[in-house]
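Below: the structure, in structure tokens.
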Amino acid sequence: QVQLVESGGGLVQAGGSLRLSCAASGRIFSGNTMGWYRQVPGKQRELVATIRTGGSPNYADDVKGRFTISRDNAKNTVYLQMNSLKLEDTAVYYCNIRSLGLDYWGQGTQVTVSS
């Protein structure tokens, strides 16, 4: 089993910044992909950003240039630096790790952007 614990969510004003962290524990296989997804009530969960063990970040179009995903393989931790936050960024953000065809999800952390 793999467990993911997220932190860093909260309330921030539009234009502000927030950094999310997600630490994975358990049996972590090499060659995995970690990422962030977000979801609002009544809508599908959508990809925000992913990053492979060796790098290669991938971003949704609407966060490119504003968000930066990174990871620390030694700590099995993935980060999401969110800058220039917009009201539409408000969502529950979920950490994900994908390896060997299996997906594991964190519990989600609320990000609320206010005016």
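The values are calculated or read from the model by the stated rules, or taken from the named source; none is laboratory data. Note that the structure is a prediction, hence the values are computed from the model and not measured. In this analysis, Cβ positions are derived from the backbone assuming ideal geometry, glycine residues included, and neighbour counts consider all displayed protein chains. The accessibility values were calculated without ligands, DNA or RNA, using every heavy atom of the protein model including side chains. Shrake-Rupley method; radii C 1.70, N 1.55, O 1.52, S 1.80 Å.
Please indicate, with yes or no, whether at least one residue in segment 50-66 is open to solvent by 70 Å² or more (accessible area, probe 1.4 Å), free of Cβ contacts under 8 Å to residues at least 60 places away in the same chain, of a type in the set (S, T, N, Q) and in a strand (DSSP E or B). Looking for residues that are open to solvent by 70 Å² or more (accessible area, probe 1.4 Å), free of Cβ contacts under 8 Å to residues at least 60 places away in the same chain, of a type in the set (S, T, N, Q) and in a strand (DSSP E or B), one finds at least one in segment 50-66, hence yes. Scanning segment 14-31 for residues that are more than 30 Å from Leu100 (Cβ to Cβ) and either open to solvent by less than 50 Å² (accessible area, probe 1.4 Å) or more than 16 Å from the chain's Cα centre (by Cα) (or both) yields Ala14, Gly15, Gly16, Leu18. Filtering segment 24-49 to residues that are on the phi > 0 side of the Ramachandran plot and either polar (S, T, N, Q) or touching a residue at least 40 places away in the same chain (Cβ under 8 Å) (or both) leaves only Gly31.
Here the condition is being under 23 Å from Ser115 (Cα atoms), open to solvent by less than 70 Å² (accessible area, probe 1.4 Å), of a type in the set (A, V, I, L, M, F, W, C) and in contact (Cβ under 8 Å) with a residue 12 or more places away in the chain; of Leu80, Leu11, it holds for Leu80 alone.
Over 16 Å from Tyr94 (Cα atoms) and among the polar types (S, T, N, Q): which single residue out of Ser21, Ser17 fits that description? Result: Ser17 is the single residue among Ser21, Ser17 that is over 16 Å from Tyr94 (Cα atoms) and among the polar types (S, T, N, Q). Of the numbered criteria (1) open to solvent by less than 70 Å² (accessible area, probe 1.4 Å); (2) more than 11 Å from the chain's Cα centre (by Cα), the one Asn96 fails is (2).
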